[in-house]
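Colleague: Sharing a structure here in structure tokens format.
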Amino acid sequence: MSSADILLPLLVAVPILMAAVPVALGLWFDRTGWSITALTTVGLFAATAYLANAVSETGREVHVLGGWDELQGIGIELVADPFSTLIVLLVTVTAASLLAYTRVGGPRGNTFYAGYLLLVGGLIGLSLTGDVFNMFVFLEIVGLGTYAMISSGDGPESAVAALKYLILGTVGASLYLIGVGFLFMATGALNMEVLGTEAIPAIVEEGGSDLTLLRAGFAFIFVGFAIKVAQWPLHTWQPDAYQHAPDGVTPLIAALVSTVSAYALGRLMFTVFGIEFLATTPYAQEVVVAVGAVSVVAGSTLAVIQQDVKRMFAYSSVSQFGLVVAAYGALTETALVGAIIHLIGHGVMKAGLFVAAGVIALGYGARTVDEYAGLADNRPFAAGSTAILLIALIGIPPSAGFIGKWYIAVGAVEAELWPIAGVIFLSTMLTLAYAARLLEKMYFTPATPVESPHGTGVATDGGESNGKRRTSSGLRSDGGGDPGILMESDRFQRGSPDAVSLGMLALLVAIAISAVLIGFAGGLFFEWLEPFTSEVFN
């Protein structure tokens, strides 16, 4: 047993166990959650980096739990290969980095950070599991953490959004579990490797009633994950969840929850069911491509007409994940690598865009497109980072958005699936439409007191101040007026520039730079993923 092998169960168990510590210490101390979460997530990132180094040398690390390896087909395993390791790196880096925002911007409280660690543990488990039933278990853990974090907002809208996600998320997980039941009835196996290399290929070759069960299982699994990945028209939970979750929560769930679910769908399609099953099942490829393509167009179109910035970015995610699903349906190596790159890039870009939305709302009171007017003049670092991330989301080279779309388009051409190439072009134009609205407001529309609350505050990121601050009660001079007008709740409701820390701005700038650097890493992704893709396509 290697040291990297031992890390696999620890990566899952440690954050789940540590989730109880902030709650226990909360009996004596008020503010221990952030420190415990920071130590845990940084340690998880360090362990994942060590694991990634081991995977680069061996190609695959496997840990068998409980001695169940003797029971062929139902052994419980955790598996780290190039695909899963990339996702775990994204989870740990994002979870550790976003604490720079929540330290000041909140939410606060020990129970919040308990949910934070529970969610991180569930996401890592979902990424590393080698067993289709335990994937359901980790889906439920992720769901529990996500429901709690969305509902941690102050208003009733957060509770309603969490309830909607609870209902639809439970439906999605239940459909997945039914699919797993059909899969087990047909094969007698739950282990992903056994299913993908032995059981399913044998059934595909022989045919018969077991093949019908397999196809039914795939249908239920795909629809279940279509809900989890927010594919149109099963996407309705996501805009409300992203909009009404606290600003410190949205970057985490937007960057990771649907991203890891999209990873899980890809893992099942390519590792468990396999290329031959997907290619020979009538209409399976066509349905996958159609669902993804329609989601691309619908999500982008709905994003164009939104006024609330967080809701706009939420519909954008529907579109971007649709592109990943359509790329899965292309069934080519180039498209698959493009989908994986786009998953990673989208996680980085959406983390940055929602951090930017939170920073601008917290510090400057702007939440709608119109309220971003003149932002670049007064808040150059926040506006500049947002602009870079929007340009990357459009897919302008060199950026994370471009490199993923490029490989997906090339893979679609290789497969002669021209509709995918068409929706890539169309989605790029629609993304440009809603991104241009924000860019135009920030850089070319003068700020007014009515439109732009941030235009009247005290700048902390390099912009100029005009000596006034907007509160929920109106405008007052910083040097006069009733000192009781600016209540603490008003500061955070309408925005106060001194509520934005240097760490928040540094995080935002670092994410924007990362979104550009990923655009230069296409060759590195191909090299890193080669052991996984060669196993899938050979």
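Yes or no, residue by residue, for (1) at pLDDT 90 or above; (2) among the hydrophobic types (A, V, I, L, M, F, W, C); (3) touching a strand residue (DSSP E or B) at 6+ places or on another chain (Cβ under 7 Å); (4) within 22 Å of THR271 (Cα to Cα):
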| residue | (1), (2), (3), (4) |
| --- | --- |
| PHE321 | yes, yes, no, yes |
| VAL324 | yes, yes, no, yes |
| TYR328 | yes, no, no, yes |
| LEU331 | no, yes, no, yes |
| LEU336 | yes, yes, no, yes |
| LEU343 | yes, yes, no, yes |
| ALA351 | yes, yes, no, no |
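Colleague: With respect to ALA366, determine if the residue is buried (at least 24 other Cβ atoms within 10 Å of the Cβ), assigned to a helix (DSSP H, G or I) and either free of Cβ contacts under 8 Å to residues at least 40 places away in the same chain or hydrophobic (A, V, I, L, M, F, W, C) (or both).
Modeller: Against the criterion (buried (at least 24 other Cβ atoms within 10 Å of the Cβ), assigned to a helix (DSSP H, G or I) and either free of Cβ contacts under 8 Å to residues at least 40 places away in the same chain or hydrophobic (A, V, I, L, M, F, W, C) (or both)), ALA366 does not qualify.
Colleague: Determine whether GLY352 is of a type in the set (Gly, Ala, Ser), in contact (Cβ under 8 Å) with a residue 12 or more places away in the chain and surrounded by 24 or more Cβ atoms within 10 Å (Cβ to Cβ).
Modeller: yes
Colleague: Mind checking whether some residue in the stretch 31-38 is more than 14 Å from GLY121 (Cα to Cα) and more than 25 Å from the chain's Cα centre (by Cα)?
Modeller: yes
Colleague: Residue check: is LEU252 within 30 Å of ALA159 (Cβ to Cβ), among the aliphatic types (A, V, I, L, M) and surrounded by fewer than 23 Cβ atoms within 10 Å (Cβ to Cβ)?
Modeller: Here the answer is no, as LEU252 does not meet what is asked.
Colleague: Is there a residue being within 17 Å of LYS228 (Cα to Cα), buried (at least 24 other Cβ atoms within 10 Å of the Cβ) and out of contact with any strand residue (DSSP E or B) (no Cβ under 6 Å at 6 or more places or on another chain) anywhere in the stretch 297-308?
Modeller: Yes; the residues of the stretch 297-308 include at least one that is within 17 Å of LYS228 (Cα to Cα), buried (at least 24 other Cβ atoms within 10 Å of the Cβ) and out of contact with any strand residue (DSSP E or B) (no Cβ under 6 Å at 6 or more places or on another chain).
Colleague: One residue is enough: does the stretch 212-221 have a residue meeting the conditions in contact with a Ser or Thr (Cβ under 6 Å, 6 or more places away or on another chain), within 21 Å of ILE141 (Cα to Cα) and surrounded by 23 or more Cβ atoms within 10 Å (Cβ to Cβ)?
Modeller: no
Colleague: Do we have ALA298 as among the hydrophobic types (A, V, I, L, M, F, W, C) and at pLDDT 85 or above here?
Modeller: yes
Colleague: Which one of the conditions (1) surrounded by fewer than 19 Cβ atoms within 10 Å (Cβ to Cβ); (2) β-branched (Val, Ile, Thr); (3) within 16 Å of MET269 (Cβ to Cβ) does VAL229 fail to meet, given that it meets all the rest?
Modeller: (1)
Okay, residues lined up against (1) of a type in the set (A, V, I, L, M, F, W, C); (2) crowded, with 24+ Cβ neighbours inside 10 Å:
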position: ILE74; (1), (2): yes, no
position: ALA100; (1), (2): yes, no
position: GLY105; (1), (2): no, yes
position: LEU119; (1), (2): yes, yes
position: GLY130; (1), (2): no, yes
position: PHE136; (1), (2): yes, no
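Colleague: Spot the failing condition for TYR372; the list is (1) out of contact with any Lys or Arg (no Cβ under 6 Å at 6 or more places or on another chain); (2) touching a residue at least 60 places away in the same chain (Cβ under 8 Å); (3) not polar (S, T, N, Q), and only one is missed.
Modeller: Condition not satisfied by TYR372: (1).
Colleague: Sticking with this structure for a sec: Can you spot a residue in the stretch 60-71 that is part of a helix (DSSP H, G or I) and at pLDDT 85 or above?
Modeller: no
Colleague: If you check GLY43 against the conditions, is it farther than 30 Å from LEU190 by Cα and either modelled with pLDDT of 85 or more or of a type outside the set (Ser, Thr, Tyr) (or both)?
Modeller: So GLY43 passes the test.
Colleague: The conditions are (1) surrounded by fewer than 24 Cβ atoms within 10 Å (Cβ to Cβ); (2) under 27 Å from PHE112 (Cβ atoms); (3) out of contact with any strand residue (DSSP E or B) (no Cβ under 9 Å at 6 or more places or on another chain), and ALA290 fails exactly one of them. Which is it?
Modeller: The number of the failed condition is (2).
Colleague: Please enumerate the residues belonging to the stretch 385-424 that are crowded, with 21+ Cβ neighbours inside 10 Å, assigned to a loop (DSSP other than H, G, I, E, B) and not small (Gly, Ala, Ser).
Modeller: LEU417
Colleague: Failed condition for ALA159, given (1) touching a Ser or Thr at 6+ places or on another chain (Cβ under 8 Å); (2) crowded, with 18+ Cβ neighbours inside 10 Å, with all others met?
Modeller: (2)
Colleague: Hey, another quick one. What is the number of the single condition among (1) modelled with pLDDT under 90; (2) over 16 Å from ASP131 (Cα atoms); (3) among the β-branched types (Val, Ile, Thr) that VAL223 does not meet?
Modeller: (1)
Colleague: Another question, if that's okay. Residues of the stretch 108-117 being in contact with a Ser or Thr (Cβ under 7 Å, 6 or more places away or on another chain) and surrounded by fewer than 24 Cβ atoms within 10 Å (Cβ to Cβ), which ones?
Modeller: ASN110, PHE112 - these are the residues of the stretch 108-117 that are in contact with a Ser or Thr (Cβ under 7 Å, 6 or more places away or on another chain) and surrounded by fewer than 24 Cβ atoms within 10 Å (Cβ to Cβ).
The values are calculated or read from the model by the stated rules, or taken from the named source; none is laboratory data. Nothing here was measured: the structure is a model prediction, and the numbers come from that model. We place every Cβ from the backbone using ideal geometry, glycine too, and count neighbours over all the protein chains shown.
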